[in-house]
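Q: Sharing a structure, written as structure tokens. Questions coming.
The values are calculated or read from the model by the stated rules, or taken from the named source; none is laboratory data. The shown structure was predicted, so the numbers you read here are calculated from the model rather than taken from an experiment. Every residue, glycine as well, gets a Cβ built from its backbone with ideal geometry; the counts of neighbours run over all protein chains shown. Side chains are part of the model used for accessible areas, which takes the heavy atoms of the whole protein and leaves out ligands, DNA and RNA. Shrake-Rupley method; radii C 1.70, N 1.55, O 1.52, S 1.80 Å.
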Amino acid sequence: PNPDGENMTAPNADLLPAAIQAATKRTPVFPCTPQGKNPLTEHGFKDATTDWGTIRQWWAKWPAANLAIPTGERSGLFVLDVDKDDGKDGEAALLELTAKHGPLPATLEVKTPRGGRHLYFRHPGQKITTRTNHPAPALDVRGDGGLVVAPPSRHATGGKYQWSNQLPLANLPDTTRALLAGQLDDQRRKHEKR
């Protein structure tokens, strides 16, 4: 049941304006299933656009669709997904990560409906592949080849994705960026082979 008492298949009047606003900032968007993450367009995140006309057509066709953004070079951003559900403790994993590799800069952030966070960062211009449970359990990297559901989309539990702040996108420190890109793994493997 939806705790807000909303009809989950009803149109969400906030989504089209949010999609247009993102497109105005040159962030490509595309629609996903209501309350879900599955793309509704034929080519998924590859169909993402900043064209207002196309965006209006999509939400006229699917008025309850969730709003999604492709991550990676296409949008110029990547997201660190800090999970906090199903027994996962992404916050503990993040604390361990920052204790070892240094603090993360303040950046644009989203509160997810199940208690997690999406930390948005500026794409560094090198490939960062989308990976789950990397660099630690309950931490996911949403990079090239991935997507992120954006506010004010709804989750199947009834909650909404919400902006926690409106900070500009930050750059990741070099060590953390290398870790998320898998470069530290590569360096460790090379060292172990010696």
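Q: Please tell me which of these pairs span more than 23 angstrom C-alpha to C-alpha: Lys46/Lys160; Lys88/Lys127; Lys84/Lys160?
A: On the way: Lys46/Lys160 25 Å; Lys88/Lys127 27 Å; Lys84/Lys160 15 Å.
Checking Cα-Cα distances, Lys46/Lys160; Lys88/Lys127 exceed 23 Å.
Q: Can you classify the chain as rounded, prolate or oblate using the Cα gyration tensor, where a ≥ b ≥ c are the square roots of its eigenvalues, rounded means a/c under 1.5, and otherwise it's prolate if a/b beats b/c and oblate if not?
A: prolate
Q: Averaged per residue, what accessible area in Å² does the range 4-86 show with a 1.4 Å probe, protein chains only?
A: 50 Å²
Q: Taking 7 Å along the Cα-to-C-beta vector as the label spot, tell me the Lys84-Asp14 distance in nanometres, rounded to one decimal.
A: The modelled label-to-label distance comes out at 1.8 nm.
Q: In a Gaussian network model over the chain where Cα atoms closer than 10 Å are linked, find which of Leu15, Leu139, Leu167 has the largest mean-square fluctuation.
A: Largest GNM mean-square fluctuation: Leu167.
Q: May I pose another question? For the pair Gln126 and Thr33, how long in nm is the line joining their label points, each one 7 Å along Cα→Cβ?
A: 3.7 nm
Q: While we're on this one: Could you work out [θ]222 nm for the chain from helices alone, using -39500 (n - 2.57) per DSSP H run of at least four and dividing by all its residues? Round to the nearest 500 deg cm²/dmol.
A: The helix-only estimate for the chain comes to -7500 deg cm²/dmol at 222 nm.
Q: Which order do Thr41, Thr24 take by accessible area at a 1.4 Å probe, largest first?
A: Reading off the accessible areas and sorting them downward yields Thr24, Thr41.
Q: With +1 on the Cβ of every Lys and Arg and -1 on the Cβ of every Asp and Glu, and nothing else charged, how large is the dipole of the range 30-140 about its Cα centre, in debye rounded to the nearest 20?
A: The dipole of the range 30-140 has a size of about 200 debye.
Q: Okay, moving on. Taking every DSSP beta bridge that has both residues in the range 55-194, what percent is antiparallel when rounded to the nearest 5?
A: Given both bridge residues lie in the range 55-194, the antiparallel proportion sits at roughly 90 percent.
Q: For the chain, build the charge dipole from Cβ charges (+1 Lys, Arg; -1 Asp, Glu) around the Cα centre, then report which of Phe45, Ala18, Ala68 sits farthest towards its positive end.
A: Phe45
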